[in-house]
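The values are calculated or read from the model by the stated rules, or taken from the named source; none is laboratory data. Remember, it's a predicted structure, so these values are computed and weren't measured experimentally. Cβ: placed from backbone, ideal geometry, glycine included. Neighbour counts: every protein chain shown. Calculation scope for accessible area: heavy atoms of the full protein, side chains included, ligands and nucleic acids excluded. Shrake-Rupley method; radii C 1.70, N 1.55, O 1.52, S 1.80 Å.
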Amino acid sequence: MDTKKFVIKQISVFSENRPGRLAAIAHALGEEKVNILAFSIAEANGFGVVRALVDHPQKAHDKLQSMGFNIAFTDVIAVKMKDQPGGLYEVAKILGDAGINIEYSYAYSGKEGAVLILRVDQVEDAIKKIQKSGATLIERSVFH
């Protein structure tokens, strides 16, 4: 079973949490014609982490790094879930029952329906368990 096609490269941008930083990131990506497909922002101790799925991760990485941002790639997976009460529970239960920890997640509702982006501690095992359950994973080609 080829699990690699479901591993998505997410960019994480570390920045001071101050006015204009998100605008600078968004503007730079726009100039490079990089489309932001999903993102989340987390804050801790005056710093922010912008996590994003973009259609050209390497291009985004190179541009933002050239501007002095600290950038990292993280492997995540995207699971199509029911866009109704209990949809999140079904996915979380599959992983919890398998002993797979969800480190963080964010979701969006788009043309594929409701999609949950997950950072888990056991990526390949998570992919296999989700596939075995009958839930639908979204291939990375949708994002890149």
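In table form, for the structure just shown:
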read-out: Portion, in percent, of the accessible area of the range 15-144 that falls on carbon or sulfur, probe 1.4 Å; value: 49 percent
read-out: Largest-first principal axis extents of the Cα set of the chain (Å); value: 43, 32, 26
read-out: Förster radius 22 Å - calculated FRET efficiency between Glu124 and Leu88 (Cβ-Cβ, nearest 0.05); value: 0.50
read-out: Principal axes of the range 6-75: Cα extent on each, largest first, Å; value: 33, 26, 18
read-out: In the chain, lysine pairs closer than 12 Å at Cα, eight or more apart or cross-chain; value: 5
read-out: Highest-fluctuation residue, Gln65, Gln84, Gln131 considered, GNM on the chain with Cα pairs under 10 Å; value: Gln84
read-out: Within the range 33-117, GluC sites (Glu not before Pro) in DSSP loop having at most 15 other beta-carbon neighbours inside 10 Å; value: Glu112
read-out: Average accessible surface area per residue within the range 21-62, 1.4 Å rolling probe, Å²; value: 54 Å²
read-out: Given charges at beta-carbon only (K, R positive; D, E negative), |dipole| of the chain in Debye; value: 180 debye
read-out: Computed label-point distance, nm, for sites Lys4 and Ile41 using a 7 Å Cα→Cβ extension; value: 3.6 nm
